[in-house]
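All remarks here apply to the structure that follows.
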Amino acid sequence: MENRQNFLRRMMAVRGMGQVLTVTVGLIVLCIVFGILNPTFASSKNIGNLLRQIAPIILIGIGQSYVLITGNIDLSIGSVVGMSCMISATLMTKGLNPWAAVLVTIFCCLLVGVVNGQLVAKCKLPPFIATLGTMTIARGIAQIVNNNYNTDSIGDAAKGFRDFFYYGKTLGLYNTIWISIILWLIFNFLLSKTRTGRHIYAIGSNVEAAKLSGVGIVGTTTKAYIVSAFCASVVGLIICATSGMGTMDAGNMYEMYAVAASVIGGVSTLGGQGILLGTVIGAAIWGVLQNGLQFAGAPVAIRNIVIGIIVVVSVLLDVVVRTGKPRKAKKG
């Protein structure tokens with residue numbers, strides 16, 4: 001009993017764990033409600049499809065979480081998804097080996113992460129402005145790479161690529177789910193168990209104190225943006241595998257989904273707080289809401305409004321908890 005109590009104390013001592021437990025309860029309640037409204041929601045087929053829908057949101061949520069914990073934001077993440085989808089599909093339709101196309105695509109996307117990190121940390125541009133600029137550039141690359149057209153089908157030669165990223169199954173689970181699990185394990189370890197992870201939290205908590213402690217601000221911030229770009233590139237490859245072609249609008253609104261998964265799961269927009277377990281729960285809440293409201297017959301507009309309200313409320317609660325309510329000015 002004492003060991004169990006000590007374990008619970010250690011769990012609750014983890015930054016952001018309280019928020020994770022709260023949203024987990026919310027997730028369970030949502031699943032119960034939608035299951036009652038429509039029994040089809042709880043069917044094994046729908047659960048499998050739901051998990052496959054949630055997986056890409058977990059991935060971009062991981063990337064955005066890294067950046068948010070440093071106290072910054074990445075608005076380019078959705079455009080990098082589109083850029084990844086279009087570059088990979090274009091290269092494959094031009095005859096390049098699918099796996100060589102994957103490597104080239106990931107490299108190009110990582111360059112966007114490097115540029116973001118340098119603009120924000122070295123050039124001191126506000127992250128909103130820096131990543132807004134790279135968001136537009138990345139979307140432009142997605143459009144120009146195939147002469148402002150969606151690509152043709154990537155063809156039968158890319159069957160192995162499509163099975164690996166979307167259609168294939170391993171041990172009863174879609175490969176898309178396995179990709180998100182493996183990458184979550186890797187990036188969660190890096191964030192929670194390594195010096196780089198500690199530095200990421202330190203920058204978000206107090207950048208000046210981190211600098212005085214010897215933390216490399218430029219290098220660490222750039223690493224966070226590289227993680228974000230890498231996760232976006234993988235999501236772009238998943239979308240390409242799903243549709244079997246490149247579409248210029250791929251990743252549209254994904255920056256919103258990334259922020260939603262992060263902040264609903266307890267990652268602070270003020271930096272220095274949050275864990276990737278919360279990002280998984282946040283992505284699951286997003287997916288359950290979208291899927292459940294669809295079964296309930298709610299139009300897309302209503303689904304978007306609900307998600308937007310939840311994001312705003314989550315950020316507002318975070319600001320209130322972190323900074324406290326504004327105090328009234330004293331008279332005289």
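Give me the aspartates and glutamates in straight-line cross-link reach of residue 122: C-alpha distance below 14 Å, same-chain residues under 8 apart excluded.
Of all the aspartates and glutamates, none pass the test against residue 122 - Cα under 14 Å, at least 8 places apart if same chain.
Just want to confirm a number: the relative contact order over the chain, from Cα pairs under 8 angstrom separated by 6+ residues, in percent.
Taking the mean separation of contacting Cα pairs over the length of the chain, I get 33 percent.
In the chain, with Lys and Arg counted as +1 and Asp and Glu as -1 at Cβ, which of these residues, 18, 144, 189, has the Cα nearest the positive end of the dipole, that is, farthest along it?
18
Could you tell me what a quarter of the Cα convex hull surface of the range 165-209 works out to, in nm² with one decimal place?
Taking the Cα atoms of the range 165-209, their convex hull projects to 4.0 nm² on average.
Express the Stokes-Einstein translational diffusion coefficient of the range 181-279 in µm² s⁻¹, to the nearest whole number, given a Kirkwood radius over alpha-carbon pairs, 10 °C and a viscosity of 1.306 mPa s.
This corresponds to a translational diffusion coefficient of 106 µm²/s.
Neighbour counts of other C-beta atoms within 10 Å: give me 99, 178 arranged from fewest to most.
Ascending number of Cβ neighbours within 10 Å: 99, 178.
Take the chain, connect every pair of alpha-carbon atoms lying under 10 Å apart with a spring to form a Gaussian network, then pick out the residue of 301, 229, 260 with the largest mean-square fluctuation.
301
Amide H to amide H under 5 Å from residue 169: which residues, 5+ apart in sequence or cross-chain, H placed 1.01 Å off N in plane?
Result for residue 169 returns 175.
Please sort by residue number the chymotrypsin sites (Phe, Trp or Tyr not before Pro) in the range 114-171 whose DSSP state is loop and whose Cβ has at most 14 other Cβ atoms within 10 Å.
Passing both the DSSP loop test and the Cβ count: 149.
Over all alpha-carbon pairs in the range 93-195, figure out the percentage whose distance exceeds 22 Å.
54 percent
Taking +1 at the Cβ of each Lys and Arg and -1 at the Cβ of each Asp and Glu, which of 266, 134, 60 sits farthest along the dipole of the chain towards its positive end, judged by Cα position relative to the Cα centre?
After comparing all options, I get 266.
If R₀ is 45 angstrom, what is the calculated FRET efficiency for the pair residue 301 and residue 212, using the beta carbon separation as r and rounding to 0.05?
After rounding, the FRET efficiency stands at 0.35.
Return the FRET efficiency for the residue pair residue 17, residue 147: r is the Cβ-Cβ distance, R0 is 35 Å, and the value is rounded to the nearest 0.05.
Efficiency computed from Cβ-Cβ geometry: 0.10.
Once you place label points 7 Å from the Cα toward the Cβ at residue 317 and residue 45, how far apart are they in nm?
The two pseudo-label positions are separated by 3.5 nm.
Label the range 36-163 by shape, choosing from rounded, prolate and oblate, from the square roots a ≥ b ≥ c of the eigenvalues of the Cα gyration tensor; if a/c is under 1.5 it is rounded, and otherwise prolate applies when a/b is larger than b/c, oblate when it is not.
It is oblate, given that a/c is not under 1.5 and a/b is not larger than b/c.
For residue 118 and residue 186, what is the calculated FRET efficiency with R₀ set at 22 Å and r taken between the beta-carbons, to the nearest 0.05?
Once the sixth-power term is evaluated, E becomes 0.35.
Of 45/159; 169/193; 193/223; 124/193, which ones are farther than 21 Å apart at the Cα?
Those over the limit are 45/159; 169/193; 124/193.
Mind pulling the per residue volume of the convex hull built on the Cα atoms of the chain? Å³ is fine.
Convex hull volume per residue, Cα atoms: 190 Å³.
Tell me, 213, 262, 205 in order of fewest to most beta-carbon neighbours within 10 Å?
213, 205, 262
Under the definition of Cα pairs under 8 Å and six or more residues apart, what whole-number percent is the relative contact order of the range 188-252?
In percent, rounded to a whole number, it is 18.
From the Cα gyration tensor of the range 123-267, with a ≥ b ≥ c the square roots of its eigenvalues, which class applies: rounded if a/c is under 1.5, or else prolate if a/b is larger than b/c, or else oblate?
Since a/c reaches 1.5 but b/c is at least a/b, the shape of the range 123-267 is classed as oblate.
Suppose every K and R has +1 on its Cβ and every D and E has -1 on its Cβ; what is the size of the dipole of the chain about the Cα centre, in Debye to the nearest 20?
My answer is approximately 1220 debye.
Bear in mind that the values in this text are calculations on the coordinates, not laboratory data. Bear in mind that the values here come from a model prediction, so they are computed numbers and not experimental data. No Cβ is skipped: glycine too gets one built from the backbone with ideal geometry, and neighbour counts run over all protein chains shown.
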